[in-house]
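The values are calculated or read from the model by the stated rules, or taken from the named source; none is laboratory data. No experiment lies behind these values; they were computed from the predicted model shown. Cβ sites come from the backbone with ideal geometry, for glycine too, and all protein chains shown count toward neighbours.
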Amino acid sequence: MPDAIYHFPQGFLWGTATAAHQVEGGNTNNNWYAWENEPGRIFQGQKCGLACDWWGGRWKEDLENAARDNQNTHRLSIEWSRVQPRPDQWDDGALEHYRQIIRGAIKVGLKPMLTLHHFTDPLWLYENGGWENDAAPKYFTEYVRKVVGALHDLVDFWVTINEPDVYVTSGYVGGDFPPGKNDLGAAFKVMRNLLKGHAAAYKIIHEIQPNAQVGYAKNYRGFEPARAWFLPDVWITRFNNASFNDAFSNALVNGTLKFALKKEYVPEAIGTQDFVGINYYTLDKVAFKPFAVKDVFSRRFYPTDSEMSETGFIANIPRGMTAALKWAHQFNLPIYITENGVEDSKDTLRPQYTIQHLHEVWRMANFNWNVRGYYHWSQVDNFEWERAWSQRFGLWGLDLETQRRIRRPSVDMYAEICRQNAISSDIVRKYAPQVFDKLFPG
């Protein structure tokens, strides 16, 4: 069998990602807490509850584990409702708590990447229309100024908003996220206001910290026509790409937001991105469906021969990572994979999924494309939004009853990749032998 090694660029960042509401526990003042307490909104009525008990101090164990396993960075987020529990009140104690977490990350050798908005909104904003309220960008701007003013000496990498496309489509088109609407007019307004919030945040961060690196995290969903020869399938695939993948990012280039069959010029958004953050999980086939108005005239499904995650939520399609990186490369900016992973409580698919996707990242980096880092989702099992605890994305498992962390084999695999800054044939033989011939043919 051949021996070889795929080296990543020198200085490559290797880490995991988490989000405040999903790991902290005890967040009772935001829109997701309200959503969890509405019947039928969350899988089996489950609650976030204590989550991974980061607010109680278990962040230290998780970050120490990450550093011990050769990671050199960590992406985490701030819970807005802790910092600003009411519109006229700031909690400096919460900010100090976040300083402790970030200092703890730095102390063990993890460079922080900090997300300012990861799906959750303070209850007071949610009850006043959330991001449909045209005052939301102003409120967000004030919050960003407060957080960056308090933490800029510790953080160089900032993510303004996580997955605005998912926030909008899940909350205002599909209805799985709060506020559970199916309203294209509201969806456009929210997307526009998120864009304005991002642009304002970018400028505030650079005002306070001129040398900061600022971007947003884009959920890139791969779309391929179900029948390449059938023009309606090709057309609806392009429409899905334009609406979901291109709308927000293109507005950062040309200032024009095209989304939900509407268009608006937002000139302040132009040039407000220092890097491209990519969250990639899977890819869809798309077929034209003429009477499916709610689904925007399309039917999306996974290729029939795909390896599926245990709940069928993710198909293992590494070529979608290549498509995501090609998409990101057009912006001529540094690229970070800010999330990538698969739900897998038994840890049987995760090793090959991770290695195959990292191999695609290596291929693009080997073209001298400016790919600078990779964040696996996630360090430890956490609360997966409307899917609650039914999906386990962690390198480490979590026992909800005891808060015990459970070391899965993928921890050791990822630790070896991080240590070597490479994918070696030995690593693949040991952890994902079923894909060895795909990565090392001949």
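A few comments on the model shown:
- Some residue of segment 281-289 being closer than 18 Å to L184 by Cβ and modelled with pLDDT under 95: yes
- Residue in segment 331-348 that is of a type in the set (D, E, K, R) and part of a strand (DSSP E or B) present: yes
- Some residue of segment 177-188 being assigned to a helix (DSSP H, G or I) and either modelled with pLDDT under 95 or touching a Cys at 6+ places or on another chain (Cβ under 9 Å) (or both): yes
- When restricted to residues that are under 18 Å from P164 (Cβ atoms), part of a loop (DSSP other than H, G, I, E, B) and in contact (Cβ under 8 Å) with a residue 24 or more places away in the chain, segment 106-132 contains 4.
- Only a single criterion out of (1) out of contact with any strand residue (DSSP E or B) (no Cβ under 6 Å at 6 or more places or on another chain); (2) without any contact (Cβ under 8 Å) to a residue 40 or more places away in the chain; (3) within 28 Å of R363 (Cα to Cα); (4) outside any loop (DSSP other than H, G, I, E, B) is not satisfied by G312, namely (4).
- T338 being among the β-branched types (V, I, T) and surrounded by fewer than 17 Cβ atoms within 10 Å (Cβ to Cβ): no
- The set of residues from segment 207-232 being crowded, with 17+ Cβ neighbours inside 10 Å and either touching a Ser or Thr at 6+ places or on another chain (Cβ under 7 Å) or closer than 18 Å to G320 by Cα (or both) comprises V214, Y216, A217, K218, N219, Y220, R221, G222, F223, E224, P225, A226.
- Filtered residue count, segment 367-376, keeping only those that are surrounded by fewer than 24 Cβ atoms within 10 Å (Cβ to Cβ) and touching a residue at least 12 places away in the same chain (Cβ under 8 Å): 3
- When residues in segment 260-278 are screened for being outside any loop (DSSP other than H, G, I, E, B) and either within 24 Å of R372 (Cα to Cα) or out of contact with any Ser or Thr (no Cβ under 6 Å at 6 or more places or on another chain) (or both), 9 of them pass.
- Qualifying residues in segment 143-172 (those that are part of a loop (DSSP other than H, G, I, E, B) and touching a residue at least 40 places away in the same chain (Cβ under 8 Å)) - the one farthest from P112 (Cα to Cα): E163
- Looking across segment 345-363, the residues that are over 21 Å from E163 (Cβ atoms) and without any contact (Cβ under 8 Å) to a residue 60 or more places away in the chain come down to S345, K346, T348, L349, R363.
- Of the candidates R405, R392, R419, the single residue that is crowded, with 18+ Cβ neighbours inside 10 Å, charged (D, E, K, R) and out of contact with any strand residue (DSSP E or B) (no Cβ under 7 Å at 6 or more places or on another chain) is R392.
- The one condition in (1) over 26 Å from P39 (Cα atoms); (2) among the hydroxyl-bearing types (S, T, Y); (3) in contact with a helix residue (DSSP H, G or I) (Cβ under 6 Å, 6 or more places away or on another chain) that T115 fails to fulfil: (3)
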